[in-house]
Amino acid sequence: MFRISQYMRELAHAEKTGHYPEAVHARRGSGGAPGPVVIWNLIRRCNLTCKHCYALSADHDYEGELSTSEVFGVMDDLKDYRVPVLILSGGEPLMRPDIFEIAERAKAMKFYTGLSTNGTLIDEAMADRVAATGFDYVGISLDGLRETHDHFRRLEGAFERSLAAVRHLHARSVKVGLRFTMTAMNAHDLPALLDLMRAEQVDKFYFSHLNYAGRGNIHRGKDAQFQATRNALDMLFERAWQAALEGREEDYVTGNNDADGPYLSQWVRARMPQWEAPLRERLVAWGGNSSGVNVANIDNLGSVHPDTMWWHHDLGNVRQRPFSAIWSDTSEPLMAGLKAHPRPVGGRCAQCHYFDLCGGNTRVRAQQLTGDAWAEDPGCYLRDDEIGLAAGSDASRVAVTPFRNARQTIRIVAGETHV
C-alpha cells in the first residue's frame, strides 16, 4: 500500500516549518521484526460476481474451507509470529456464519482487525453488529457511480446498497474507506467518486490499479492506459495535497502499482524540488512492492500466497505446516526471489534508477503476461526517459495483451521461470 496522504502531510509540515519531519520508526520488541499484514480470504462464496474479482467468487458454497477451530489455531500461530494486522476478506466475509466470532477473537488477541466487504449485506442491524464487534476499519468497494458500479458488480441496486452501508457505518462511528479499482471502463467516474467520498465524510479512499489475477486477468485488455493512470494519480496527489494543507482527516492510498512512489517523487521535483531528497529517503525506506515480505495472503482452503493476486501459486497450506514456517521458508524459489534484496528482476525494471524505491513493482503482472515472474512489469506507467533509459525506447516494452484461455504450467527455480 502506498500512503499518499502520509507523504503529503510530511511535505505540508516541511513547507510550513522549513524542516522535513523526522522519520517515525515503529518500536520493535525483542522478538525482532513484526510479521506481515495478513489478508485472509475466510470464505470464497459471494453474493456478487464482479468483473475484476481475483478470487473468481460466485454465490455457492466451496468445499474444504477452514473450520472455526482451524481458523483459531492459525490465529494463535500468527500472533506468535508477531503478525500485526488481519484483514478479513472473501468472497463476501459477511456470508461466513462465524465471521463475528472470528473477528471478536482477533480483537481480543489485539490484532488490528479490518473487514473487506462489498457492503451490500450491511443494513442497520448488520451495521450494529459490525460496530459492536469493534472492527478497526471497514473497506467497502465502489467502482464508480450507480450505473458503472452496478455494471461492474453485475447487480442492479448494488450501488445504493453499498452507499447505504457506508452511511449506516458512519452513523455508528465506524472508520470506513472506499475501494476503487480503475480500468478503462470506469476511469471516467473517479472525480465524482472522490467528491462523493468528501460529501459522505468517508475516512479513506483506496485506489487500486488493476492487477492481473482472477477475473482481473481475464479483463486485463481493458486496463486503463498509461496516460489515464497518470491523470488519475495527478488527481489523487492534488486532492491529498490540498487535504494536507487544509488539515483534513482524509487518507488517500494506492495499491498494486509501486510506480506510484517514483511518480510522487517526480511530482514533488516539479513543485517543491527542495524536498525531493528527503522524500526519496522516505520512499527508499518504504521499499516498494511488499508481496512475499510485508503482506501475505491465506485463502479459504488454507493455502498461503505471496499476496492476494498470487492465488495460482501456492506456497504451502496451514493444515500441513504453520503459516510461520511457510512464510519463513526461502527454499521456495518464488519466495526466495521476492525476499531477495535486490530482487532478481530483468528488463527495464533492472535498469530503472527508481529500482530502490519500487523494488521492481508487481511481479504477478509480469508473470501473467510473459510467464516470467522476473520480467519487467508491463503495468509501469513511467516513460523510459523518466527512469534513466534512452528516450523513445518504450516501443520495445512488454505489451498488455488480451487474455487468452490457454493453460500454462509455470515452474520457478532459482530466479528463473520455465513455461
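Give me the residue from segment 250-261 that is at pLDDT 95 or above and outside any strand (DSSP E or B) and, out of that set, nearest to residue 285 (Cα to Cα).
Here the answer is 261.
Contact list please: Cβ distance under 9 Å, first residue in segment 293-311 and hydroxyl-bearing (Ser, Thr, Tyr), second residue at pLDDT below 95, pairs at least six apart or on different chains.
Once the first residue is hydroxyl-bearing (Ser, Thr, Tyr) and sits in segment 293-311, its partners that are at pLDDT below 95 give 303/311; 308/54; 308/55; 308/211; 308/213.
Can you tell me which residue within segment 249-270, out of those that are farther than 19 Å from residue 361 by Cβ and surrounded by 14 or more Cβ atoms within 10 Å (Cβ to Cβ), is nearest to the chain's Cα centre (by Cα)?
Just the residues of segment 249-270 that are farther than 19 Å from residue 361 by Cβ, to begin with: 249-252, 268-270.
Remaining after also requiring surrounded by 14 or more Cβ atoms within 10 Å (Cβ to Cβ): 250-252, 268-269.
Values: 250: 18, 251: 15, 252: 13, 268: 24, 269: 26 Å.
Among residues in segment 249-270 that are farther than 19 Å from residue 361 by Cβ and surrounded by 14 or more Cβ atoms within 10 Å (Cβ to Cβ), the one nearest to the chain's Cα centre (by Cα) is 252.
Return the only residue of 270, 285 being free of Cβ contacts under 8 Å to residues at least 12 places away in the same chain and hydrophobic (A, V, I, L, M, F, W, C).
270 is the lone residue from the list that is free of Cβ contacts under 8 Å to residues at least 12 places away in the same chain and hydrophobic (A, V, I, L, M, F, W, C).
Does residue 183 satisfy the condition of being at pLDDT below 90 and either among the aliphatic types (A, V, I, L, M) or assigned by TED's automatic domain parsing to the domain that holds residue 122 (or both)?
So residue 183 passes the test.
Taking the options 143, 189, name whichever one is crowded, with 19+ Cβ neighbours inside 10 Å and modelled with pLDDT under 95.
When all the criteria are applied, what remains is 143.
Within segment 154-189, can you find the residues that are touching a residue at least 40 places away in the same chain (Cβ under 8 Å), touching a Leu at 6+ places or on another chain (Cβ under 8 Å) and under 22 Å from residue 309 (Cα atoms)?
Selection gives 154, 179, 181, 182, 183.
Report yes if residue 78 is part of a loop (DSSP other than H, G, I, E, B) and over 12 Å from residue 43 (Cβ atoms), otherwise no.
In short, no.
Return the residues of segment 273-293 that are touching a strand residue (DSSP E or B) at 6+ places or on another chain (Cβ under 8 Å) and on the phi > 0 side of the Ramachandran plot; say none if nothing qualifies.
Scanning segment 273-293 gives no hits.
The values are calculated or read from the model by the stated rules, or taken from the named source; none is laboratory data. Everything numeric here is computed off the predicted structure, so don't read it as measured data. We place every Cβ from the backbone using ideal geometry, glycine too, and count neighbours over all the protein chains shown.
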